[in-house]
Every structure is written in structure tokens, then in C-alpha cells.
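What follows is a single structure, written as C-alpha cells, with notes after it.
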Amino acid sequence: MMAITPSARPRPATGHDARSLSLRMRHALWRKAKAWRQRILPRPLAQHVFVAGMQRSGTNLLMDVLDASAATQVFHETDTRAFERYEMRDVAVIRQLARQCQAPVFVVKALCELDRIKSLMETFTPAHTLWMVRDWRDSVSSAIKSFGNFVPQWQRLVAGDTEDWRGRGMSSATRELLAALYRPEASEAEGAAIMWFYRNVLFFEQQLAADPRVRVVYYEDLVQHPLREVAAVYTFLGLPGFSAAKARRIHEYSVKRCIHAHSVKRRSPPDIAPAVIALCDELLARFVALPARKSV
């Protein structure tokens, strides 16, 4: 078998974890106990799950939801076995990790790989994808607190950069739109809003709305209605062991993380051009209009 040599672990780029030390220790102990049980009683791999979405959209919370199942093994983007600088390693490495998985459900983040979701599901079968969507206003507000350099990134994309993961798979229509809207004096909030657009529009460009293997999970629904939404995610993936107690425990993690209903503000950050606001509002409306959300 191919040897996997992890590189030095990078500094987490997923934001500050506000959970108490005791809660983080409890979570770590749960994961260690789960891994021990899976080594003692391994089960054959039954499916692969990709957790997708724009950064700062609640994907860490969704990973907590999946990690709470005894049937999963999860790989965050800070796990150097599966990632290098937050980008998924070569397909051969991921395939080896999946073969070594002793749980029936192999879960891996796919944030920098949004343009490859369709091909990843074809390569790793059977597979499902959970695409996390958060209102662009709150996503932008969170992103500019954690990251930066959004406007220079926007400029590079307009210039035709396809080497960086932000530009990979970008359609010509999206690139032309970014060029038409680009302003050197744009604020970082506006740059973050543009990024929210060009990363999430990949969902529709890959025609994932019509793919039964894909489910959109809405951040606002998950934090405001955790019992209902966790049950829906478990049902979609066929994960066993859902209970109200499990959902409450997941919600406790989310509250301690400061990911809770109070983070749903939906207030537009300042200094964003009306055209960019309209662009993001239109894309968000397309997500909200999907049949699964309309039935909620």
C-alpha cells in the first residue's frame, strides 16, 4: 500500500473554537472511544460523504453532527492525512484512507473542491454530498473576521488565474461577471460577498440541485431547529442511532462554539455595491426556492 506521510500540521483556518476546555476534552474523548470501538469491531465501508460549502458557512458544525454518529469516520481539512494546506490530497491518497476506514461511513470535507463535487461522487461510489448554505450576509461578516485579502484574490481571478483553488472550475460566465463588477477600491466585505457568490454558484453550474445524492443543509435551519435538521441529515445518509439526546448534545457543542441562533443576523455588511448585493440575493433565493427548503 502507498505510505501516507503527513506534513507539518498547518495553523487552523477555520476560526476560533470558543468551546470550553472541558467540552473540547469530552468531544476528544468521544472521538478516541469511537475510534477504539471501530478498531475492535470494524465494519465494511458502505458509503462516502462529502461536506461542501463556502468557508464560514457552518461546515464545522455539520461535521460535529456527523461525528456524533458511531458509524462515521470524519476527516477535517486540518487533518494532514487527507489534506495539505486545507486542500484535499490526491485521489489515490483519499482512496487509500477510505479503504483503511473501519467505519461504514467515510466523511471528508470538500471546501476547496466545490468545483469537483460531481466528479468526486463518481470516483468514490456510493457517495452523498451535504452542501452547507448560510445567508451571505452572515457568512461575509464571519469571513472578514477570520480571513482577508478578498479584493486581491478577486483581481487575480479577473486576470484569469486558474491555478489557485478559487479559480479552478470557474465558468467563463462567472469570470466575466466578476470582471464587470470588479472595482480596485472595493471593500473586503464586498470581496468576501463576491467569493460567497462564485463558490456557491458552482452548485447550480454542476446541476447538483437535480442530483438525488446531494442535499442542501441550511445553517439557519440547523442552528434554530437542531432536532428536526439533524434527524433529516441522518435519514438522508441512512445513519443509525439518531435520538433527541444525540441532537441535544450536538446542539450543546454548537452553542459552546458560539454557533447558535444569535449568529443569524442577516444584516448586510457596509460598503457593498448594490449590484453585488443583488447578485448574492438572487443566488440565495435560488437556494431557498429548492423543493427541499420549500417543504420545511
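Tell me which residues, restricted to the stretch 26-59, are within 18 Å of LEU237 (Cα to Cα), at pLDDT below 90 and buried (at least 18 other Cβ atoms within 10 Å of the Cβ).
Initially, the stretch 26-59 is screened for residues within 18 Å of LEU237 (Cα to Cα), giving 43-53, 59.
Subsequent filtering for residues that are at pLDDT below 90 retains 43-46.
Selection gives LEU45 alone.
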Practice task
Examine the stretch 3-24 for a residue that is modelled with pLDDT of 85 or more, more than 30 Å from PHE204 (Cβ to Cβ) and not acidic (Asp, Glu), and state whether such a residue exists.
Solution key: no
Fill in the blank from the handout: (1) farther than 19 Å from ARG166 by Cα; (2) small (Gly, Ala, Ser); (3) crowded, with 18+ Cβ neighbours inside 10 Å all hold for ALA110 apart from (1)
Fill in the blank from the handout: Residues of the stretch 60-112 being over 18 Å from the mean Cα position of the chain (by Cα) and of a type in the set (Val, Ile, Thr), in sequence order, are VAL91, VAL93
Handout entry: All positions within the stretch 64-91 that are touching a residue at least 40 places away in the same chain (Cβ under 8 Å), assigned to a helix (DSSP H, G or I) and more than 14 Å from LEU237 (Cα to Cα)
Key = ASP64
Practice task
Inspect all residues belonging to the stretch 124-134 and state whether any of them is crowded, with 23+ Cβ neighbours inside 10 Å, touching a His at 6+ places or on another chain (Cβ under 9 Å) and closer than 18 Å to LEU62 by Cα.
Solution key: no
Problem - ALA159 vs. criteria of a type outside the set (D, E, K, R), out of contact with any strand residue (DSSP E or B) (no Cβ under 7 Å at 6 or more places or on another chain) and under 29 Å from ALA289 (Cβ atoms) - result: no
Handout entry: Residue within the stretch 87-95 that is within 23 Å of LEU208 (Cα to Cα), modelled with pLDDT under 95, surrounded by 20 or more Cβ atoms within 10 Å (Cβ to Cβ) and touching a strand residue (DSSP E or B) at 6+ places or on another chain (Cβ under 7 Å) present
Key = no
Practice task
State whether one or more residues within the stretch 113-123 are hydroxyl-bearing (Ser, Thr, Tyr) and touching a residue at least 60 places away in the same chain (Cβ under 8 Å).
Solution key: no
Practice task
Looking only at the stretch 95-136, count how many residues are of a type in the set (Lys, Arg), in contact with an Asp or Glu (Cβ under 8 Å, 6 or more places away or on another chain) and not in a strand (DSSP E or B).
Solution key: 2
Practice task
From ALA231, ALA261, grab the single residue that is in contact with a Phe, Trp or Tyr (Cβ under 9 Å, 6 or more places away or on another chain), modelled with pLDDT under 95 and aliphatic (A, V, I, L, M).
Solution key: ALA231
Practice task
Please enumerate the residues belonging to the stretch 149-171 that are farther than 21 Å from LEU284 by Cα and out of contact with any helix residue (DSSP H, G or I) (no Cβ under 6 Å at 6 or more places or on another chain).
Solution key: ASN149, PRO152, GLN153, GLN155, ARG156, ALA159, GLY160, ASP161, THR162, GLU163, ASP164, TRP165
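The values are calculated or read from the model by the stated rules, or taken from the named source; none is laboratory data. Please read all numbers here as calculations on a predicted model, not as lab measurements. Heads up, the Cβs are rebuilt from the backbone with ideal geometry, glycines too, and the neighbour counts pull from every protein chain shown.
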